[in-house]
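Any read-out appearing in this document is the output of simple, stated calculations on the displayed coordinates, not a laboratory observation. In this text, all values refer to a predicted model and were calculated from it rather than measured experimentally. Backbone-built Cβ (ideal geometry, glycine too); neighbour counts: all protein chains shown.
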Amino acid sequence: MTSWIVVAAADRVALLDYFQRGGICMYPLALCSLLGLTIIVYKAIYFRGIRLDGVRFAAALAQRIRERGRTEAAIVAAAEKSPVAIVARAGLECANGSAGKTREAMDECARLQVSRVEQYLSLLSTVAYIAPLLGFLGTVTGMINAFEQISMTNEVTPRLVAAGVSEALITTAFGLMIAIPTYAAYNLFVARVASIENDIETVTSHIIAELHPEALSVAA
């Protein structure tokens, strides 16, 4: 166990050393890292809390409507925290009995719920986009500083050049290390949003079909 502590301490010192050598651009990169990690953890917990099998839920809700009516189905929907269930409840509790009003109520609720589901995703995308740009900026400024130091020396050695270039590339490495997992998480969350949207459309179709079968026959 002592060896693990020594290794962890050495890694921490090395990371701090890299951070100090990376220059001023490391500070906005650190901010991007903190912001991206915070959003990823928050959205992961959020999506876990609203997880719901939309197809099964829609089928179960349709069966409850057939067996016990609209009010009982609304009680079932109210027991779930998922945006799909919230949209379903909006349609089931619609005071007006027409198919158009029911769909309008569900569509309006769906827009609000999807907006909430997408919250902070644009910010996460921005972090994934600007992190490598900040890294490249740090590389450029680092190269400028390196060549300025080289120009002030009388003897230029390969070791001196390599040291300057390696320090300049640190920010690029950190920028990519931040951007890659952030962009991957963003794509996973976007896919989850698309799945929720499909589930909302599925439950909307089931509710309209059960409450207003005449609307389907007219459409056909």
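Counting every other Cβ atom within 10 Å of each residue's Cβ, Ile24, Ile207, Ile39, Ile178 order from fewest to most as Ile24, Ile39, Ile178, Ile207.
Remark: the stretch 17-23, residue by residue, has Karplus-estimated 3J(HN,Hα) of 5, 4, 4, 5, 6, x, x Hz, where x stands for each Gly or Pro and the curve is 6.51 cos²θ - 1.76 cosθ + 1.60 at θ = phi - 60°. Our coupling estimate for the stretch 175-184, obtained by passing each phi through the Karplus curve with A = 6.51, B = -1.76, C = 1.60 and θ = phi - 60°, is x, 5, 5, 7, 5, 5, x, 5, 5, 4 Hz, Gly and Pro reported as x. Each residue of the stretch 132-149 was assigned a 3J(HN,Hα) from its phi angle through the Karplus expression (A = 6.51, B = -1.76, C = 1.60, θ = phi - 60°), giving x, 5, 5, x, 5, 4, x, 5, 5, 5, x, 5, 4, 5, 5, 5, 5, 5 Hz with x at Gly and Pro.
With the largest listed first and rounded to whole Å, the semi-axes of the equivalent ellipsoid of the stretch 23-219 from the Cα gyration tensor are 57, 13, 11.
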